[in-house]
Amino acid sequence: MDVIYSSIQAMSILEMHNRPSKHTIHIRVNHYNSRTCALKFTESASTYQAFDGMPVSADSLVWNNVIQTHLGNLNYNKAVTTYQEMLTRGIRPNRHTLPRILSVSRLSGSLSLGKQLHCQAMKLGVCNDIYVTGSLIELYGHLDGVDAAKWMLDNSEKKTSSAVSWTLLAKLYMKQNKPTFAIDLFNEMVESGAEVDAVSLTTAISACILVKSLITGRNIHDTARKHGLELDVLVSNSLVKMYMECGSIKDARDLFDKMPSRDAISWTSIIQGYVKNGEINEGLKLFRKMVNDDKIKPDAVSVSTILPACARMAAHKNGRELHGYLIRNKIPTNLKLNNALIDMYAKSGNLEYSSTIFSRTKSKDIISWTVMIMGYSLHGKGDLGLDLFKKVPKSDTDEISYVTALHACCTSLKVEKGLHYFNCINSPNLVHYSLMAALLARAGKLDDAKAFAKKHGVEKHPEVLRALIDGCRIHKKITTGKRLVEQLCDSEPLNADNYVLMSNWYAQNGGKQKQKQEMVDRWRETIRDMDLKPKIAYSWIEFRNKVHVFKTGDVSHPRSERIYWELESLMKNFEKIEGDFSFHDVDEERECVPIGHSELLAVCFGLISTKSGSAVRVTKNLRVCRSCHEAVKCISKVVGREIILKDPNRFHHFKNGGCSCQDFY
DNA sequence: CTAGGGTTAG
């Protein structure tokens, strides 16, 4: 209170006397390279003899507070004027003044002011103060490059350079995306005998996370142990995160369990780690444990780190549980959290909830619009998405919102509109190009699509090629498609999925059975010979708060036998209904399993586990294959239930023998 | 009287 009062008092005094002074000190602007500037400053030190006459005054405290207040209010000009006024009045700046005014010069982006201040700091004899050194490192680091900052640290008196200075510099390296430099710096610091503290360890550990080096991470863990800081909450939080990011869940968990006290960050990072590794069940379990056992209230931030995971996993019930938690505990939501909820519900198949939250969100930003439009589009409701896009304030649109507009055009096959929106984009990027190519190709305008790609010089790009291939698949342009797949393999020779695509192309379109099989086998061999690893297909479904995962031909599920029995009896039904229904011998997943594709297993598990009439929601990590798509259409009719299948590209709402994607998947 | 800590949605 006193501080505030004295600041106000000082300010009013200053304002009263706020007229130009007769003896303003003129400070020469130095343009020397920062590596040499300190020397030059010394040479020109005689310019600043004025300081010598200044008495050390208790008044500095008040002035420092005024500068501090202006700094806190981001009022840089006023801070500088105050500092000048201070000088003209003969108040000697001290080691508390310089860091503040140096921050002002850094934040206002003025290197020349900073250099003048550096010079004054030397003249005033405060240059070796650790706070002054720190702010100079920050100043040079942000305005004159990290090398200048390094020079600062190297030339500061080692005995005064605290861990803070080292850490500041390490942070600068990390901003420059040079985490190895940060790690080297940390090791140098340890060797130099400077005190190792929690923050410097944390910084070094986050550098390890960037380089994903478990070995380096373990070394730093050892250092932390030696200094007795292993269980410091800051250090162990970042170690837990490091182990998770570097792929050692076990180390992360061991340390986490050892921690004497955990905060919301500890819990959030271990949960996020599990979720990132696909172990969403364990993540949710820990979330409940955090709330119930540790009595920690996750805030909006920690919930919104977990929600996107639910969105990715399409774990609708889990996401809803989190949402329910927020409501029950009256946790104040913010726009980001609301957007994450809209996105989560849309991506996990519950558009109604999405649009409810969306319409209740008062101050929408462009992300709110984007996630909602994308939500509609993912569910095959491109028209609704486009209606919504019309309502987006024009000034808010950005490149990503146009991505959703084009996506919506794609799902509703609106070629003219697509072209119109494409022309509205200031600087289109590859995503826009490939969506446009996909739109044209899907609409059957394959030549236009190719011409479009060529015109923009993206005709060889994998994403564009994939879009064109899709068009060929839908419109049965078998020969053109094959050529494009070959091009795709040429342009990405190490992507196994391309050869899988090639193999499937032959399997589905390759003419005579024997010849077909030969080609399929040949491509399989290629994949094996090149030692490439195609993605493994799996599907999952939520049941009783757990996510059940199925791989192709999976027999590991406890109810496996019952699942296959169900599948076989359903198959008999299709034959009756569809006549010549049959599966392809090879599909997009490389496996030669006639039935037992992961999505069918998950669907059947859903059918036998939930009550009749309710919708079954399944998610798959790869695109659903054509035969499964047909099969699920039939199943929806036979069992009279809605089946919602999410693949990486879209949602398929199967109902009464049809699909929302209208076979344009 | 003062710097360095984890960053959340498309």
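What Kirkwood radius, in Å to one decimal, follows from the Cα pairs of the range A:434-529? Kindly include the intermediate steps, with their values, before the conclusion.
Details: mean 1/r = 0.0739 Å⁻¹.
Answer for the range A:434-529: a Kirkwood hydrodynamic radius of 13.5 Å.
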Review point. Mean residue ellipticity at 222 nm from the helices of chain A, using -39,500 (n - 2.57) per DSSP H segment of n ≥ 4 over the full residue count, to the nearest 500 deg cm²/dmol?
Key: -20500 deg cm²/dmol
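Can you compute the charge dipole magnitude of chain A about its Cα centre, using +1 on each Lys and Arg Cβ and -1 on each Asp and Glu Cβ, nothing else charged? Give it in debye, rounded to the nearest 20. Walk me through the intermediate numbers first.
Details: 89 positive and 72 negative charges, 288 e Å.
The dipole of chain A has a size of about 1380 debye.
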Practice item. Report the one residue of A:Pro493, A:Gln272, A:Pro393 whose Cα lies farthest in the direction of the positive end of the charge dipole of chain A (charges on C-beta: Lys and Arg +1, Asp and Glu -1; origin at the Cα centre). Key: A:Pro393
Point to revise | Accessible-area composition of chain A, carbon plus sulfur, in percent [1.4 Å probe] | key: 53 percent
Point to revise | Nearest-10 value in Å² for the accessible area of A:Thr81, using the 1.4 Å probe | key: 70 Å²
Point to revise | Cross-link pairs A:Lys226/A:Lys250; A:Lys347/A:Lys414; A:Lys450/A:Lys476; A:Lys394/A:Lys455; A:Lys289/A:Lys611; A:Lys450/A:Lys633 - those with Cα-Cα distance over 25 Å | key: A:Lys394/A:Lys455; A:Lys289/A:Lys611; A:Lys450/A:Lys633
Exercise for review: Using a 1.4 angstrom probe on the protein heavy atoms only, line up A:Tyr243, A:Tyr538, A:Tyr131 by accessible area, largest first.
Suggested key: A:Tyr131, A:Tyr538, A:Tyr243
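What does the charge add up to near A:Ala443, with Lys and Arg as +1, Asp and Glu as -1, over the other residues with Cβ less than 12 Å from its Cβ?
Values: positive: A:Lys414, A:Lys417, A:Arg442, A:Lys445; negative: A:Glu416, A:Asp447, A:Asp448, A:Asp470.
Spelling it out: positives minus negatives among the neighbours equals 0.
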Exercise for review: Whole number in Å², please: accessible area per residue of chain A, 1.4 Å probe, ligands, DNA and RNA not counted.
Suggested key: 48 Å²
Review point. With every protein chain present, what accessible area does A:Lys514 have (1.4 Å probe, heavy atoms only), rounded to the nearest 10 Å²?
Key: 150 Å²
Revision key, fill the gap. Stokes-Einstein D for chain A (4 °C, 1.567 mPa s, Kirkwood Rh from Cα pairs), in µm²/s, comes to 43 µm²/s
Exercise for review: Mind listing the long-range amide H neighbours of A:Gly553? Cut-off is under 5 Å, sequence gap 5 or more, other chains count too, H placed in the peptide plane at 1.01 Å from N.
Suggested key: A:His597, A:Ser598
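Sort A:Trp369, A:Trp565, A:Trp151, A:Trp166 from largest to smallest accessible area, using a 1.4 Å probe on the heavy atoms of the protein chains. Could you put the intermediate results ahead of the total?
Working: A:Trp369 30, A:Trp565 160, A:Trp151 60, A:Trp166 10 Å².
The ranking, largest first, comes out as A:Trp565, A:Trp151, A:Trp369, A:Trp166.
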Point to revise | Rounded to 5, percent antiparallel among DSSP beta bridges of chain A | key: 80 percent
Check your understanding: Excluding A:Glu561 itself, what net charge comes from residues whose Cβ is under 15 Å from its Cβ, given Lys and Arg +1 and Asp and Glu -1?
Key -> -1
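In cubic angstrom, how much convex hull volume per residue do the alpha carbon atoms of the range A:130-245 span?
Details: hull volume 10.0 nm³, N = 116.
With only Cα atoms used, the range A:130-245 gives 86 Å³ per residue.
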Study note, to complete from the structure: With all protein chains in place and a 1.4 Å probe, A:Tyr353 shows an accessible area in Å² (nearest 10) of 80 Å²
Review point. Regarding the range A:231-327, what is the average projected area of its C-alpha convex hull, in nm²?
Key: 5.6 nm²
Point to revise | For the range A:121-198 and the range A:242-275, distance of Cα centres in Å | key: 30 Å
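Using a ≥ b ≥ c from the Cα gyration tensor of the range A:368-518 (square roots of the eigenvalues), is it rounded, prolate or oblate, where a/c under 1.5 gives rounded and otherwise the larger of a/b and b/c decides, a/b for prolate?
Prolate shape, in that a/c is at least 1.5 and a/b is the bigger ratio.
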Review point. Which far-off residues, 5 or more places away or on another chain, put their amide H under 5 Å from the one on A:Phe543, with H placed in the peptide plane?
Key: A:His548
**Study point:** Local net charge near A:Ser105, Cβ-Cβ under 12 Å (Lys/Arg +1, Asp/Glu -1)
**Key:** +1
Review point. Given H placed 1.01 Å from N in the peptide plane, which residues other than close sequence neighbours of A:Gly658 have an amide H under 5 Å from its amide H?
Key: none
Check your understanding: Could you state the number of Å between the C-alpha centres of the range A:612-665 and the range A:313-368?
Key -> 25 Å
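The values are calculated or read from the model by the stated rules, or taken from the named source; none is laboratory data. Bear in mind that the values here come from a model prediction, so they are computed numbers and not experimental data. Note that each Cβ is placed from the backbone with ideal geometry, even for glycine, and that neighbours are counted across all protein chains shown. Surface accessibility is based on the protein's heavy atoms, side chains included, excluding ligands, DNA and RNA. Shrake-Rupley method; radii C 1.70, N 1.55, O 1.52, S 1.80 Å.
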